[in-house]
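First up is the structure itself, then whatever we jot down about it.
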Amino acid sequence: MAGVATQASLESAPRIMRLVAECSRSRARAGELRLPHGTVATPVFMPVGTQATMKGITTEQLDALGCRICLGNTYHLGLRPGPELIQKANGLHGFMNWPHNLLTDSGGFQMVSLVSLSEVTEEGVRFRSPYDGGETLLSPEKSVQIQNALGERTLGSRPLTLSPSPYPVPSEMTKRDVPGFAIGGLSGGESKSQFWRMVALSTSRLPKDKPRYLMGVGYATDLVVCVALGCDMFDCVFPTRTARFGSALVPTGNLQLRKKVFEKDFGPINPECTCPTCQKHSRAFLHALLHSDNTAALHHLTVHNIAYQLQLMSAVRASIVERRFPDFVRDFMGTMYGDPTLCPTWAADALASVGITLG
């Protein structure tokens, strides 16, 4: 479970979600998040900038790709560079020179990802720093303190923080007057069958007029399925991390551009992609950069992979608004797996549970 309600979200939480359209068959919905740093169209994928930056891409490039919200991580930012330094830079927006929206989490996910370095106590979670081995106690109070330091001087300009929603969602949780809910505790190694059922159970109990943020989900199939199950917001390091291994995301899955088959392939990664990498560079060029250990290749692939995620979510949203989401899902699965009926069983079961059949 990750995410906490800060003081900002507990004080008469504003209604930040406006529903634009809903799928008549599934739980998919298109909306708008009305936030202090601009409106964000949903469903939305949010790139992860763990320490106020994303590896392999600049904030200016993120802006140009159309990204309007990205993430920071309270635990990591609390260790390095530290909340005091960020506060002196007029908050996280000023520190990273990002004019759009930010979402911060509580650091709770590190209880899972850094389990070998942590110990849960009554006071909070005691971590050994992955950087220098020093000990730090992340209590609920400390987490909120760091998040408040990441925000700017006025309450309305703080990075967005949503309340956690452990699965299954208690009725008590939905009564809280918070801006939205984050579904956490998933993407931690559970089976896909368990995963989608817990997502479906959570969205069935959460209020319709507040955003639902599914934490740590970034595979294309997972994104499409979980939109159908009623989720609005997603984040994951997957697109940036897989780029650093030479993998480019495409509608059929991914291309491992280190492979020799791309050595003389002068086409773009994806002919339909409008990102700068696809507009200016060939697969052969990227293949050559990867084999010369030129870090520019990782930069170009990162730009493309984030663009792929953003373009995918934009296409999903358009299909909901235009009342053709079930057809979009079938086309997506057909392209990804060669035939919609060949998609993973868990995905077919999840979609069928909300009225979308692939046969």
Listed by range, helices (runs of 4 or more DSSP H) wholly within region 261-359 having at least 1 residues that are touching a residue at least 60 places away in the same chain (Cβ under 8 Å) and surrounded by 18 or more Cβ atoms within 10 Å (Cβ to Cβ) are 296-321, 325-337, 345-353
Kindly indicate whether Gly78 is part of a helix (DSSP H, G or I), of a type in the set (Gly, Ala, Ser), touching a residue at least 12 places away in the same chain (Cβ under 8 Å) and open to solvent by less than 40 Å² (accessible area, probe 1.4 Å). yes
Thr53 versus (1) under 19 Å from Leu310 (Cβ atoms); (2) β-branched (Val, Ile, Thr); (3) touching a residue at least 60 places away in the same chain (Cβ under 8 Å): which is the lone unmet condition? (3)
Name the single residue, out of those in region 48-75 being assigned to a loop (DSSP other than H, G, I, E, B) and modelled with pLDDT of 95 or more, that is surrounded by the most Cβ atoms within 10 Å (Cβ to Cβ). Cys67
If you take the residues in region 97-110 that are at pLDDT 80 or above and under 16 Å from the mean Cα position of the chain (by Cα), which one is most open to solvent (accessible area, probe 1.4 Å)? His100
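Here is a yes/no grid of residues against (1) surrounded by fewer than 15 Cβ atoms within 10 Å (Cβ to Cβ); (2) among the small types (Gly, Ala, Ser):
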site: Gly184; (1), (2): no, yes
site: Ser193; (1), (2): yes, yes
site: Trp196; (1), (2): no, no
site: Ala200; (1), (2): no, yes
site: Leu206; (1), (2): no, no
site: Pro211; (1), (2): no, no
site: Leu223; (1), (2): no, no
Counting only residues that are over 24 Å from the mean Cα position of the chain (by Cα), over 18 Å from Gly82 (Cα atoms), modelled with pLDDT under 75 and not in a strand (DSSP E or B), how many does region 111-154 have? 3
Total residues in region 4-33, condition outside any loop (DSSP other than H, G, I, E, B), modelled with pLDDT under 95 and open to solvent by 70 Å² or more (accessible area, probe 1.4 Å): 2
What pairs come up if the first residue lies in region 230-241 and is farther than 10 Å from Pro47 by Cβ, the second is open to solvent by 20 Å² or more (accessible area, probe 1.4 Å) and among the basic types (Lys, Arg), and their beta carbons are under 6 Å apart, counting only those six or more places apart or on different chains? Gly230/Arg27
The one condition in (1) part of a strand (DSSP E or B); (2) touching a residue at least 40 places away in the same chain (Cβ under 8 Å) that Asn254 fails to fulfil: (2)
Close pairs from region 129-140: first free of Cβ contacts under 8 Å to residues at least 40 places away in the same chain, partner open to solvent by 60 Å² or more (accessible area, probe 1.4 Å) and in a loop (DSSP other than H, G, I, E, B), Cβ under 7 Å, at least 6 apart: Leu137/Glu123; Ser139/Glu123
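The values are calculated or read from the model by the stated rules, or taken from the named source; none is laboratory data. All figures in this text were calculated on a predicted structure; none of them were measured in a lab. As a convention, Cβ positions derive from the backbone with ideal geometry for all residues, glycine included, and neighbour counts pool all protein chains shown. In case anyone asks, the SASA skips ligands and DNA or RNA and just uses the protein heavy atoms, side chains included. Shrake-Rupley method; radii C 1.70, N 1.55, O 1.52, S 1.80 Å.
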